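Student: The following block contains the structure, expressed as structure tokens.
Values in this text are rule-based calculations from the coordinates and carry no lab data. Note that the structure is a prediction, hence the values are computed from the model and not measured.
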């Protein structure tokens, strides 16, 4: 197969996929900035070097920031490739849902999953009411973002007011969730179709459990119940390849926190010893035109 990797050509993930591909598949790194499309006759998506319609599959491995126009064009280009029969993982609509925390949380709740109490609003006054309503101890997250970037915990009203006013000055949306007491660990489950792998991520120095924030990965037994929850979360987003974050709280409940449609697997591969890149390529091979 000829597989385009949409992301950084020099990233660990592109290198890992190239390793796993060996001589069986051709890996073609593609930069978002180089995407273009020609309409007239057959619509094609291409770069100066590659016509992506000629690839068998395209794996989205990053989602860099951009202007509204850039993001819309990129998603439209991916949709056109999928319509032309190229296997695009994840589908553009799944990426759009997952990258939007508000929309993703509504989808998870609609699927019957337990989610933190969440209030999304647009004014400082609304944000202050939400702060009080959620118990005066909240997690403020950027609507778009990953790996724990831009996430802060607010438990002081004075600091909360200052934070809200600063964000209002740049027209931010306020996405607030109740802080959930936990033991410093969460569960990261990687869904790949019917396959579910997982690790426990623990951080003794920070309430955030992202590996990028210093958490360490530990082995996790993925029970049937955990696998079912992870697959239900991924299905709610529409992502066959998904990183699902579940948070066990001190009161014994298990919350769905987030679904990542461009999930990493470096720590998971190291902890489990599973060749995740090979499984990703195997999924692409087994699901043409997905």
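Student: Report, to one decimal in Å, the Kirkwood hydrodynamic radius for segment 8-164 based on all distinct Cα pairs.
Tutor: Numbers: mean 1/r = 0.0535 Å⁻¹.
Over segment 8-164, the inverse of the mean reciprocal pair distance is 18.7 Å.
Student: Could you tell me the relative contact order of segment 2-89? Use alpha-carbon pairs under 8 Å, at least six residues apart, and round to a whole percent. Each step should come with its number before you reach the end.
Tutor: Numbers: 124 pairs, mean separation 28.1, N = 88.
Normalised by residue count, the contact order of segment 2-89 is 32 percent.
Student: Rounded, prolate or oblate, given the Cα gyration tensor of segment 1-41, with a/c below 1.5 counting as rounded?
Tutor: On the way: a/c = 5.36, a/b = 1.66, b/c = 3.24.
In terms of gyration-tensor shape, oblate.
Student: Still on this structure, I have one more. For the chain, what is the percent of antiparallel DSSP beta bridges, rounded to the nearest 5?
Tutor: Taking every DSSP beta bridge with both residues in the chain, the antiparallel ones total about 75 percent.
Student: Using Cα atoms only, what is the angle between the long axis of helix 157-168 and the major principal axis of the chain, expressed in degrees (0 to 90) to the nearest 10?
Tutor: 40
Student: Another question, if that's okay. Let me have the relative contact order for segment 50-198, percent, based on Cα pairs under 8 Å that are six or more residues apart.
Tutor: 20
Student: If the elastic network links every pair of Cα atoms under 10 Å, which of 264, 252, 217 fluctuates the most in the Gaussian network model of the chain?
Tutor: Its mean-square fluctuation being the largest, the pick is 252.
Student: For the chain, what does the relative contact order come out to in percent, with C-alpha contacts under 8 Å and a separation of six or more?
Tutor: Rounded, it is 19 percent for the chain.
Student: Expressed as an acute angle from 0 to 90° and rounded to the nearest 10, what is the orientation of the C-alpha long axis of helix 12-21 relative to the principal long axis of the chain?
Tutor: Tilt relative to the chain: about 40 degrees.
Student: Now for a separate question. Specify whether the C-alpha gyration tensor of segment 71-200 places it in the rounded, prolate or oblate class, a ≥ b ≥ c being the square roots of the eigenvalues: rounded for a/c under 1.5, otherwise prolate if a/b is larger than b/c and oblate if not.
Tutor: It comes out oblate by the Cα gyration axes.
Student: Anyone know which of 234, 261, 48 comes out most mobile in the 10 Å Cα GNM of the chain?
Tutor: 48
Student: For segment 118-178, what does the alpha-carbon gyration tensor say about shape, rounded, prolate or oblate, given a ≥ b ≥ c as the root eigenvalues, a/c under 1.5 as rounded, and a/b over b/c as prolate?
Tutor: Because its axes are fairly even, with a/c under 1.5, segment 118-178 counts as rounded.
Student: For segment 2-89, how big is the tail of P(r) above 19 Å, as a whole percent of Cα pairs? Each step should come with its number before you reach the end.
Tutor: Numbers: 1369 of 3828 pairs.
Here the tail beyond 19 Å accounts for 36 percent of pairs.
Student: Quick check: the angle from helix 68-83's long axis to the longest principal axis of the chain, C-alpha only, nearest 10 degrees?
Tutor: Orientation of helix 68-83: about 50 degrees from the principal axis.
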